[in-house]
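Each remark here refers to the structure printed beneath this line.
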Amino acid sequence: MTGPAPLAAALQGLLDREAIRDCLYRYCRGIDRCDEEALRSAYWEDATDCHGAWHGSADGFIAQALARLRQGGRRVHQVTNVLIDLRGDAAAVESSFFALQSTAATPDRETFLCGRYVDRFERRSGAWRVASRTVVYDWVEERSRPELAQGDERLFGHRQPVGAPAPHDPVYVLLGRLAAAGVSGAKDRGLSSAGSGSAA
């Protein structure tokens, strides 16, 4: 018969894995919505990032990425096939990603990237975040897409609303309404979504 200790350990493992996945999703929201708070919440303050041409601190990566992304363009990041190898307060995490991007400088040019985030996650004070990241590229396609240079109303037509940077995207409207109605979330209760039921 399984005792309480093994069950507690198994439950903690599930909580740890879910916290790591949530962190990966916050990174995607941070990049796509230019949400600095979400983006920074995915990394520890002393984290490093080997990310394309950038090799250095995660703080430096975030600063230069946001400066560029806030100029405009379109982007979608998604993660899948998340493999998590828990090792106590550290974890080796491999996540496949898909990214579609067009920049403000070349709005009619689409870049499609596939690859993997190879991350060392660390749990500190109960919270899981990226301590070091290496972005591995497995696929790239460049395409001419002149229609992407059009404004949102013409490009999407009746398909409204469309995605927008923080705080104007519909998801922030929803979060604001819940907060105004007094509906607390994990963050409001002191349970960081970066952690496993503990304050970050």
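The values are calculated or read from the model by the stated rules, or taken from the named source; none is laboratory data. Please read these numbers as outputs of a predicted model, since none were measured by experiment. FYI the Cβ positions are ideal-geometry reconstructions off the backbone, even for glycines, and counts take in every protein chain you see. To get the accessible areas, we keep the full protein, side chains included, count just its heavy atoms, and leave off ligands, DNA and RNA. Shrake-Rupley method; radii C 1.70, N 1.55, O 1.52, S 1.80 Å.
Worth pointing out:
- Read-out log10 I(q)/I(0) by the Debye sum over Cα atoms at q = 0.10, 0.12 Å⁻¹, derived from the coordinates shown; its label in (1) -0.53, -0.71; (2) -0.39, -0.56; (3) -0.49, -0.69: (3)
- Inter-probe distance in nm under a simple model that places probes 7 Å from Cα toward Cβ, at Ala164 and Glu141: 3.1
- Global form of segment 45-111, assessed from the alpha-carbon gyration tensor, a/c cut-off 1.5: oblate
- Net charge dipole size for segment 46-87 [Lys, Arg +1 and Asp, Glu -1 on Cβ; Debye, nearest 20]: 320
- Placing a pseudo-label 7 Å from each Cα along the Cα-to-Cβ vector at Glu94 and Arg154 gives an inter-label distance of 4.5 nm.
- Highest GNM mean-square fluctuation among Asp49, Asp35, Asp85, for the chain modelled with Cα contacts below 10 Å: Asp85.
- Candidates Ala58, Ala67, Ala92, ranked by Gaussian network fluctuation over the chain, Cα under 10 Å, top entry: Ala67
- Average accessible surface area per residue within segment 1-141, 1.4 Å rolling probe, Å²: 51
- Comparing Gly52, Gly157, Gly176 in a Gaussian network model of the chain, where Cα atoms under 10 Å apart are tied by springs, the biggest mean-square fluctuation is seen for Gly157.
- Per residue, the convex hull spanned by the alpha carbons of segment 1-98 comes to 115 Å³.
- Accessible surface of the chain, 1.4 Å probe, proportion on carbon and sulfur as whole %: 56
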